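The values are calculated or read from the model by the stated rules, or taken from the named source; none is laboratory data. Remember, predicted model here, so these are calculated numbers, not experimental data. Reconstructed Cβ throughout: ideal geometry from the backbone, glycine too, with neighbour counts over all protein chains shown.
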Amino acid sequence: MGDCSSGFLLLDDTDVSNCWASGLGGVVRNESITIDSVCQDPDNMNICYMDISASGPYNYFVTVMARTIIAQGGYTGDWIDITESFIEGYGGSQDPNVEWSHHGGVLEVSRLRFNTFCTSLNTRIGFNCGHMLDDDMNNNPNVNNSTLGNFATVSKIEFQIHMVGEFPPDAFENTGGCHEDELEQQMAEEINAFESLDPSSNIYLYEKGVTPDPYFIYFDPVTNELRIVYVNLGTGPCACAINCVTPEIDDFELPVCEEELQIVTVDANDIIGDPTDIQIIFKDSIGNLSDLSVHTVAGVKPRTLGVLVEPKPLHAQIGIHYASINATQIKPDKVKYQILKYTDNADNFTILKDWSSKKWDMVYDKKLRSGHTYGYAVKFKGEFGEESYLSDWKTIVIQ
């Protein structure tokens, strides 16, 4: 209860949230905003929606920013404000703490607000931002638009949310005490007791691409083929299903989508012993494009290892060449390697270094003895379990 007899001004904080009732400057709830996930609406390619988490002792005016990233041309767009494309009631409902407010008369301005005053907010919000990002690319004088394409071809988008906090004036009403509400508010403002940090969210990188039926890739050791399989697991047609169309490249076999299953078989490289590089472009029914790069070592004959003997202390330095016998590169970031070793007889081999993805160019063998012959060979394994042939043996003789 308020008591003025002692000369102190006491507030009756019985009904005031403990978010700030510990006294002026006593804010106990942290301010935060996080973008947890971003997805594209399957029925409208221009709509992106995000799941967000926010909290703080204030109400916040919100700005949502986005920019496009296009790897092919090394292009990163400018941050643009997509807040005005906010979709009220996206998904059929809207959190009551999310407010799309309209201000002004003739020049009406709409603003997005999160009323999180001493609460937390976990919700989904949608933005019809595709056309805005299209316009940004088309109006950029430094960009070759014929190279960039449009929103459907954009594979990556970054999002960030900014919040500007505003302490609700009505929080000072009916707090009791021995002075006026306006005086309480003035005191708080004078010492910046309730000044917001105006938090910003994480920068969320959304790998847009396509939203296709599930697919997986595997190597068939029986037929020596790399197979891309995708299948519609739903009961009805998917709005973003990969289109069942005949590709323009002769190396592919693409049967009709029977029983919702489609298999793409990739032929090996015509040059015997070399790795095969494959670029597959997926296109869904709403126009999104994404690509898949495959570097397969099926049928590859690796280049022979380089081995150097050092006498003090006695050991072998084994150099790994990431190349085929035809000097074609085997990409280190796409493979694992295994090194085999024999002593005196090639039939008596052991594994010196089992499958490793560490990109080392040199492996050491210290278990050498005089009077013996040693042999070393390498084998590579690709991303999808396919294995290369074993390289020729490189032999050394220890005198």
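For the reader, a short list of remarks on this structure follows.
- The condition of being under 22 Å from Gln160 (Cβ atoms), surrounded by 15 or more Cβ atoms within 10 Å (Cβ to Cβ), modelled with pLDDT under 90 and of a type in the set (A, V, I, L, M) holds for only one of Ile35, Ile47, that being Ile47.
- Just one of the listed residues (Tyr376, Tyr337) is touching a Lys or Arg at 6+ places or on another chain (Cβ under 6 Å) and either in a loop (DSSP other than H, G, I, E, B) or not assigned by TED's automatic domain parsing to the domain that holds Phe151 (or both), namely Tyr376.
- Residue in the stretch 306-319 that is at pLDDT 85 or above, in a strand (DSSP E or B), among the charged types (D, E, K, R) and under 35 Å from the mean Cα position of the chain (by Cα) present: no
- Considering Ile339, Ile351, Ile320, Ile325, the condition of being touching a strand residue (DSSP E or B) at 6+ places or on another chain (Cβ under 7 Å), surrounded by 14 or more Cβ atoms within 10 Å (Cβ to Cβ), of a type in the set (Val, Ile, Thr) and more than 20 Å from Asp274 (Cβ to Cβ) is satisfied by Ile339 alone.
Listed here are the residues, each with its yes/no results for (1) farther than 22 Å from Ile325 by Cα; (2) without any contact (Cβ under 8 Å) to a residue 40 or more places away in the chain.
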residue	(1), (2)
Asp347	yes, yes
Thr350	yes, yes
Trp355	no, yes
Asp361	no, no
Tyr364	yes, no
Thr373	yes, yes
Ala377	no, no
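- Positions within the stretch 340-357 being part of a loop (DSSP other than H, G, I, E, B) and over 23 Å from His372 (Cβ atoms), in sequence order: Ser357
- Verdict on Ile325 being among the β-branched types (Val, Ile, Thr), at pLDDT 95 or above and within 18 Å of Arg303 (Cα to Cα): no
- Yes/no for Lys367 being of a type in the set (Lys, Arg), more than 30 Å from Glu207 (Cβ to Cβ) and touching an Asp or Glu at 6+ places or on another chain (Cβ under 9 Å): no
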